[in-house]
Structures are given as structure tokens and as C-alpha cells.
1. If you take every residue apart from Val248 with its C-beta less than 12 Å away from the C-beta of Val248, what net charge results, scoring Lys and Arg +1 and Asp and Glu -1?
2. Taking amide H positions as placed 1.01 Å from N in the peptide plane, with prolines and chain starts having none, which residues 5 or more places from Leu169, or on another chain, fall under 5 Å of its amide H?
3. Mind listing the phi-derived Karplus ³J(HN,Hα) values for region 271-287, rounded to whole Hz, using 6.51, -1.76 and 1.60 with θ = phi - 60°, and x for any glycine or proline?
4. What whole-number value in Å² describes the accessible area per residue of region 201-252 for a 1.4 Å probe?
5. Rounded to whole Hz and in sequence order, give me ³J(HN,Hα) for region 209-226 from the Karplus expression 6.51 cos²θ - 1.76 cosθ + 1.60, θ = phi - 60°, writing x for Gly and Pro.
6. Taking only protein heavy atoms into account and a 1.4 Å probe, give the accessible area per residue of region 264-325 in Å².
7. Using θ = phi - 60° and the Karplus relation 6.51 cos²θ - 1.76 cosθ + 1.60, list the HN-Hα couplings for region 168-184 in order, rounded to whole Hz, with x at every Gly or Pro.
8. Quick one: with all protein chains in place, what share of the accessible area of region 140-266 is carbon or sulfur, to the nearest percent (1.4 Å probe)?
Amino acid sequence: MRIVGLFSVVAAVPAILVAVVASVTLDRGLDRLFSRQTQSLIQNSLIVADAYVREHAQFLRADCITTAIEVARAKPLFDQNRDQFRQFLTAQSNIRGLPGIMMIDGDLNVIEQAGSNVSQTFVKPSREVLAASNETEPQIALFLDSNYVAAIIKLQTYANTYLYVARILDPQVIAQLRATQAGVTQYAELEGQRLGFQIAFALVYTAIALIVMLSAVWIGLNFANYLVAPIRRLIDAAQVVSTGNLFVQVPIHAGEGDLAQLGETFNKMTRELRTQHDDIVRARDLIDSRRRFTEAVLAGASAGVIGVDAENRISILNRSAERLIGHSQAEALGRPLAEAAPELMELVTGARTGMQRLVQGR
């Protein structure tokens, strides 16, 4: 588990570093995108496009007022000769670059209009616009979808009659104006969604970081299992050996390196232990067999036989010796010879300290 925790920490460190770098980079990138210079550039583009339209609107306003004055002066011609008056309107249209000049009444009926080779269709003003018009200031209307600007003013000296003029705008400029307006709107939306982008990026990165970290943990667990598996096999085999089973063998897998060599050494150790155990068991059986033979021989001997160990404690005692010392075998075995038969201690001491193999005494 410590190895897995170490792998998790190691996997988390680069993820945290990358998160910091990515957050700073994203914030710097958004700062450049929404900088004052960029905002000023976009706003200036819209201002330039709007200036073109406003300029044409101002020109049209001036042309509308001037044309209305000229038409008012030509009232006698309107009353006397309509054909010449129509030619007069056409001349005004050509001079001022106004492809659309119409005179309409309060019921939106066209009284007169200038002849024009332009196939543009101009929308008539509504009754509300007519009601709001006066003789001094024209009403300006923009029709960007149709690429023209129009103006209407009430005519002097004419009864309930209005002058309606229109000027065509450059379609490319209008298209650029629409694109600029759309770009400004989109830019404003993006600026409003900046925090949302950062949050979304953070969530996406968090998900990716979690996936990477979980993958690293999974890889760490598998690697840890790969490292620990041979050790676990050794632990299990050692536990089996502790119960006395020396026939256990650790499975050896190729590619485990030193751990495989350790397993081979463990198997060799169990084989040697098993061999030594068998030798010890055989030696023990042989010793028991000889002891039983010796006891049988001593039990049948008429002479008393007493065996002592290095500490002068009684280790062998036959029946004749039991009668001599007055103690049974169960009482005498393990007791010091000086307690059970003190009269024999002189012979034993002489035999231990003397150079003769046989010591006799009474």
C-alpha cells in the first residue's frame, strides 16, 4: 500500500504542475483576446462602418431638403405641365444621384415619380411616418436589408403631399457592416462567457487529470502486484514450512530477476532442510534402536551397571544397580550420583582424573 501511495503522489505532482501552467496560459490567452486594444479595434471597425451609413444619411437629409425646396418652387410647372414636371424630377434625380424620388399623398398614392433606370424597389412609408413628418426636418429610415436609405419630408405649397427620396448604398459596405455588427455581438457574447469557458476548461482538465491519475494508480497497483507476487509466494511457502511441511516449493516465473533467484534459493533451502531432517530422523531411530539394545543387554546382566553424564547425574541404571543403591530407576535417573550412591563418587572421580581406562575399588 505504501508503494501504491507513492505512485499516486508521483502521478499527482505533474498533474498539479500542468494544471497551474494550463490555467495561467488560458488566462493569459483570454487576456490577449479581450484586451483593450482588441476591444478598441472591434469598436472602431463598427464605428467606421456606421460612419459610412450615417454619412449617406446626412447627405440624403441635405438632398431631401434641397429637393423639397426645388419641388416647391416648381409648383406652377406641376400645375401646368406634368410631363415637363416629371422631366424636372428626373433631372433632380440624376443631378443628386437619387434613384428614387416620389411624390405621394396622405393615402400613400404615388402622384409623380422620377424616371430611373435602377430596378430597385423602394418601400413606401407608413401612415404613422407621414403623420410624424413636417416641412422642416425630414424623417430618415435605413433599409440595410435592401441596401438603401430613404427620407421623407412634407412639401410646402402642396396640399397633403410628401416628398420621398432614396439613395442606394454599396452592397459590399453593407455586407461588411453586417459582418462587423455580427462580430461585435459575438465578441460581446464571448466576453460574457469568459468565466464559463474557464470553468468548462477547468472541468474538462479535472476530468482528464482524474482519468490520468486513476490510470496511474491502476498501473501502480498492477506494478506493485507484479513486484509483491513473488514475495507473497515466499511468505506463503514460509508459513507452510513453519507447520513442518518441508515438501513445499515456490513457483518460479521467468523474468522476475532477483526475486526468481530468491525463490530458487528458497526451494534449495527446503530441499536441504528436508534432507537434513531425514538424516536426523534416521540417526534418532538408530540411536533409539541402540539404546533399546543396550537397555536390553543391561537389563539381563547380573552385575549392577550405573551410567553417569558429564555432570555426574545418573543416566543408566539396571535392575541389579537398583538393588545395590536402594532406589528404583524412576527415582534415580537424573539425580546426582553423590545423592543416590555417595560411596561410588570416589571411583568416578578417580576415573575422570586418572589416566587409566579402568579403575577398581571396594
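The values are calculated or read from the model by the stated rules, or taken from the named source; none is laboratory data. Values in this document were obtained by computation on a predicted structure and should not be read as measured data. Neighbour counts run over all protein chains shown; Cβ positions are idealised from the backbone, glycine included. Quick note on the areas: whole protein, heavy atoms, side chains included, nothing else; ligands and nucleic acids left out. Shrake-Rupley method; radii C 1.70, N 1.55, O 1.52, S 1.80 Å.
1. Numbers: positive: Arg233, Arg271, Arg274; negative: Asp236.
The answer is +2.
2. Those lying under 5 Å, H to H, from Leu169 are Tyr148, Val149.
3. Once θ is set to phi - 60°, the couplings for region 271-287 become 5, 5, 4, 5, 5, 5, 5, 5, 5, 5, 5, 5, 5, 5, 5, 5, 5 Hz.
4. Details: 3520 Å² over 52 residues.
Solvent-accessible surface per residue comes out at 68 Å².
5. Karplus-based 3J(HN,Hα) across region 209-226 equals 5, 5, 4, 5, 5, 5, 5, 5, 5, 4, 5, x, 5, 4, 5, 5, 4, 5 Hz.
6. Numbers: 4490 Å² over 62 residues.
Using a 1.4 Å probe on heavy atoms only, each residue of region 264-325 averages 72 Å².
7. Each residue of region 168-184 in turn: 7, 9, 5, x, 5, 5, 5, 4, 5, 4, 4, 4, 5, 5, 5, x, 5 Hz.
8. Details: 4960 of 7570 Å².
Heavy-atom surface of region 140-266 belonging to carbon and sulfur, 1.4 Å probe: 66 percent.
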